[in-house]
């Protein structure tokens with residue numbers, strides 16, 4: 001047990017850094033945006049990422065997993081954050097792949113995990129319905145009818161839902177909203193009758209989907225895991241995703257912070273570099289402090305995810321809360337310290353600001369995760 | 001089994017056999033044993049544990065045996081620390097001489113200084129205090145003015161030190177004094193060891209906003225100190241002091257590792273949180289999460305140091321974060337207690353309430369002493385981020 005990366009994880013991180021710097025720098029996201037790309041990611045780059053083994057990183061060994069764990073994959077996410085690379089890693093690999101590996105039947109695993117590992121299939125998790133994340137509040141209904149399942153309801157903020165080959169839909173098959181019990185998972189073909197998918201453009205130039213299910217009929221083979229009892233597996237996989245999002249946020253934060261510190265050294269006003277002003281130095285130093293604290297929390301969250309440790313949930317909330325809040329603060333400071341140019345589109349800082357806000361909302365912001373941490377600590 | 005594993009097993013056997021059960025419980029501030037000529041024990045177990053660790057050489061486990069230490073290498077020393085932590089063993093004594101001055105004497109001291117001071121230090125016979133700050137030399141320490149004037153084989157020291165922790169209980173002081181008033185600030189300073197029993201030394205405790213404290217003012221009125229007590233070269237004391245302060249972080253961490261001498265915030269807060277609503281719950285969670293983040297960072301630093309990674313960056317944040325978090329914690333608890341957190345000694349208040357009120361005031365000193373938060377931020381900005389002066 002260690003918070004540091006091992007040699008293999010370091011190699012993965014370094015190769016990710018090199019790959020992203022050349023193949024998917026920030027300018028690649030800008031280009032996707034400027035040409036109004038409807039997929040929101042570049043399939044060619046995704047194929048190259050698959051060749052590097054990223055989508056297989058955390059798969060079970062029998063499906064070609066790399067065995068680098070979430071610490072290894074987290075190191076990749078951090079690099080992804082540094083260049084704002086658009087990838088379906090989170091939706092397809094961490095969320096859908098994770099749920100299928102945790103709770104899927106043998107035939108579901110055999111069918112989908114190899115495709116996920118090879119980067120040949122895209123999947124998305126449809127969970128959020130309300131404006132803010134809260135898994136226990138799921139209301140989308142699932143019920144038995146004439147030997148089939150029926151699903152009816154609406155999902156929002158389905159990351160990569162507009163390009164997914166399959167959706168994993170979280171539905172309420174028993175109990176009232178607010179209960180952990182009564183949730184079920186279904187594998188849904190977006191082409192099935194009654195499924196309507198609407199692409200939504202988010203501020204970070206990437207897309208999510210609004211999904212409407214109108215009495216969609218599914219057979220038992222679509223059910224992932226036992227009915228009504230999906231919450232534990234879901235929460236465990238969500239925690240891994242929260243840790244990975246926190247890792248991506250750390251990358252967004254460190255890159256934006258590094259660019260800001262460089263700017264403080266270059267920008268001359270009143271005949272001196274503005275970075276010589278103590279008012280700015282102390283604000284920058286405070287951000288550095290928070291970044292170091294976040295780095296420790298994140299490493300512990302990823303380590304606990306790999307170990308399946310008891311404290312994994314609290315650590316995921318700790319990391320995601322701090323990353324969400326620090327992303328907000330760092331990027332606000334980054335824009336402010338860049339002055340006028342900070343609010344122009346020509347500078348990349350705005351792209352980091354926008355991405356940080358989307359990641360802040362993904363799977364719970366600081367408020368959600370402080371509340372969750374409080375519950376986990378018995379407050 | 002490798003050598004280090006054998007050593008670990010041996011250490012564990014020895015600790016299990018020699019550390020009394022009552023010395024394996026969390027320690028409070030009042031139960032800390034401070035070494036020195038006036039060492040006192042509250043019970044027999046404290047004395048036994050003190051003497052056994054002393055005789056094993058484990059007051060200073062990493063010093064050479066010739067200096068009275070345990071002769072352990074860095075890995076072995078870490079194993080000893082880990083095993084003590086795992087068994088919950090208290091530190092047998094608290095001793096700034098060993099933790100701060102000792103390493104500096106090992107590096108800069110003359111053979112005579114080492115043989116005079118280190119073995120006694122390592123046996124816990126001498127209590128040391130620090131004479132750095134002066135009334136007009138706080139954050140700008142190098143502006144200190146306590147003068148040491150050469151007179152034959154002695155220096156004659158005159159001036160005043162302040163914020164000297166436990167100056168009234170110490171046997172010796174290591175101090176910074178000005179030996180060349182003409183030289184530029186940092187260059188005319190020497191590092192000198194003063195026997196507190198010397199004629200002309202007067203110690204006066206300082207009363208804080210929180211009441212009695214360990215801080216003292218120390219006055220020097222023509223105190224004769226042998227010139228052989230200067231550590232390092234004359235007028236080169238600033239560099240010696242900088243080295244010493246590098247050991248401060250490790251020394252301060254002993255106070256938390258040996259069982260944090262502070263209240264368990266969650267337990268203290270529980271009765272006042274009941275019915276307090278979501279805002280208090282959120283503030284409490286945020287405070288606990290800050291503490292969690294700090295302890296994980298301490299762990300990461302330790303792992304980095306063991307892996308020989310550069311810890312200068314993350315290491316630079318620890319004093320700032322710990323002091324601010326402790327202060328913020330008591331600020332929160334005191335407010336959470338409402339008007340019941342407003343008395344340090346009144347009747348009709350619980351011990352927790354009085355303690356929180358006192359600690360709320362006392363921890364104000366944390367972000368000032370040992371390099372104020374503003375100085376810490378300057379250091380991070382300049383040394384870590386490389387921002388221009």
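The values are calculated or read from the model by the stated rules, or taken from the named source; none is laboratory data. Values in this document were obtained by computation on a predicted structure and should not be read as measured data. All Cβ positions, glycine included, derive from the backbone under ideal geometry; neighbour counts span all protein chains shown.
Observations
- If you check B:386, B:371 for being assigned to a loop (DSSP other than H, G, I, E, B) and either at pLDDT below 95 or more than 14 Å from chain A (Cβ to nearest Cβ) (or both), only one passes: B:371.
- Selection from segment A:255-265 of residues that are crowded, with 18+ Cβ neighbours inside 10 Å and either within 7 Å of chain B (Cβ to nearest Cβ) or not in a helix (DSSP H, G or I) (or both): A:261, A:264
- Segment B:25-62: number of residues that are within 15 Å of residue B:118 (Cα to Cα), part of a loop (DSSP other than H, G, I, E, B) and out of contact with any helix residue (DSSP H, G or I) (no Cβ under 6 Å at 6 or more places or on another chain): 5
- Residues being part of a loop (DSSP other than H, G, I, E, B) and more than 23 Å from the chain's Cα centre (by Cα) - total across segment A:131-160: 2
- Restricting attention to segment B:250-269, the residues that are loosely packed, with under 15 Cβ neighbours inside 10 Å and modelled with pLDDT of 90 or more add up to 0.
- Selected residue (criterion: nearest to residue A:127 (Cα to Cα)) from residues of segment A:324-336 that are within 13 Å of chain B (Cβ to nearest Cβ) and touching a residue at least 60 places away in the same chain (Cβ under 8 Å): A:324
- Residue list for segment A:77-100, restricted to those being within 24 Å of residue A:206 (Cα to Cα) and either assigned to a loop (DSSP other than H, G, I, E, B) or more than 12 Å from the chain's Cα centre (by Cα) (or both): A:79, A:82, A:83, A:84, A:85, A:86, A:87, A:88, A:97, A:98, A:99
- Search result, residues across segment A:334-348 that are farther than 11 Å from residue A:252 by Cβ and buried (at least 20 other Cβ atoms within 10 Å of the Cβ): A:337, A:338
- Any chance residue A:320 is in contact with a strand residue (DSSP E or B) (Cβ under 6 Å, 6 or more places away or on another chain) and either within 17 Å of residue B:290 (Cβ to Cβ) or assigned to a helix (DSSP H, G or I) (or both): no
- Condition broken by residue B:313, with the remaining ones in (1) free of Cβ contacts under 8 Å to residues at least 12 places away in the same chain; (2) facing chain A (nearest Cβ under 9 Å) satisfied: (1)
- Qualifying positions in segment B:107-142 - touching a helix residue (DSSP H, G or I) at 6+ places or on another chain (Cβ under 7 Å) and part of a helix (DSSP H, G or I): B:107, B:108, B:112, B:113, B:114, B:117, B:118, B:119, B:121, B:122, B:142
- Only one of the numbered conditions (1) in the same structural domain as residue A:221 (by TED's automatic domain parsing); (2) within 21 Å of the chain's Cα centre (by Cα) is violated by residue A:113, and that is (1).
- Here residue B:380 meets the list (1) surrounded by fewer than 19 Cβ atoms within 10 Å (Cβ to Cβ); (2) within 14 Å of another protein chain (Cβ to nearest Cβ); (3) modelled with pLDDT of 95 or more almost entirely, failing just condition (1).
- Looking only at residues in segment A:337-379 that are outside any helix (DSSP H, G or I) and more than 22 Å from residue A:25 (Cα to Cα), the one that is farthest from the other protein chains (Cβ to nearest Cβ) is A:362.
- Verdict on residue B:135 being more than 13 Å from residue B:176 (Cβ to Cβ), touching a strand residue (DSSP E or B) at 6+ places or on another chain (Cβ under 9 Å) and free of Cβ contacts under 8 Å to residues at least 60 places away in the same chain: yes
- Failed item in (1) modelled with pLDDT of 95 or more; (2) assigned to a loop (DSSP other than H, G, I, E, B); (3) within 22 Å of the chain's Cα centre (by Cα), with residue B:145 passing the rest: (3)
- Among the criteria (1) more than 14 Å from chain B (Cβ to nearest Cβ); (2) surrounded by fewer than 18 Cβ atoms within 10 Å (Cβ to Cβ); (3) touching a helix residue (DSSP H, G or I) at 6+ places or on another chain (Cβ under 9 Å), the one residue A:252 does not fulfil is (2).
To keep it simple, each residue is scored yes or no on (1) buried (at least 23 other Cβ atoms within 10 Å of the Cβ); (2) away from every other protein chain (no Cβ under 11 Å); (3) within 30 Å of residue B:388 (Cβ to Cβ).
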residue	(1), (2), (3)
A:267	no, yes, yes
A:271	no, yes, yes
A:277	no, no, yes
A:286	no, no, yes
A:299	yes, no, no
A:302	yes, yes, no
A:305	yes, yes, no
A:308	no, yes, no
A:313	no, yes, no
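- Qualifying residue in segment A:234-254 (condition: farther than 16 Å from residue A:365 by Cα and outside any helix (DSSP H, G or I)): no
- Within segment B:283-307, the residues that satisfy the criterion of being without any contact (Cβ under 8 Å) to a residue 12 or more places away in the chain, at the interface with chain A (Cβ under 8 Å from one of its Cβ atoms) and in a helix (DSSP H, G or I) are B:285, B:286, B:289, B:292, B:293, B:296, B:299, B:303, B:304.
- Residues in segment A:2-20 that are under 22 Å from the mean Cα position of the chain (by Cα), within 14 Å of chain B (Cβ to nearest Cβ) and assigned to a helix (DSSP H, G or I): A:9, A:10.
One line per residue, one yes/no per condition, for (1) assigned to a loop (DSSP other than H, G, I, E, B); (2) over 16 Å from the mean Cα position of the chain (by Cα):
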{"residue": "A:29", "(1), (2)": "no, yes"}
{"residue": "A:49", "(1), (2)": "no, yes"}
{"residue": "A:66", "(1), (2)": "yes, yes"}
{"residue": "A:102", "(1), (2)": "no, yes"}
{"residue": "A:124", "(1), (2)": "no, no"}
{"residue": "A:129", "(1), (2)": "yes, yes"}
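- The sole residue among A:78, A:129 that is closer than 24 Å to residue A:365 by Cβ, in contact with a strand residue (DSSP E or B) (Cβ under 8 Å, 6 or more places away or on another chain), modelled with pLDDT of 95 or more and not assigned by TED's automatic domain parsing to the domain that holds residue A:368 is A:129.
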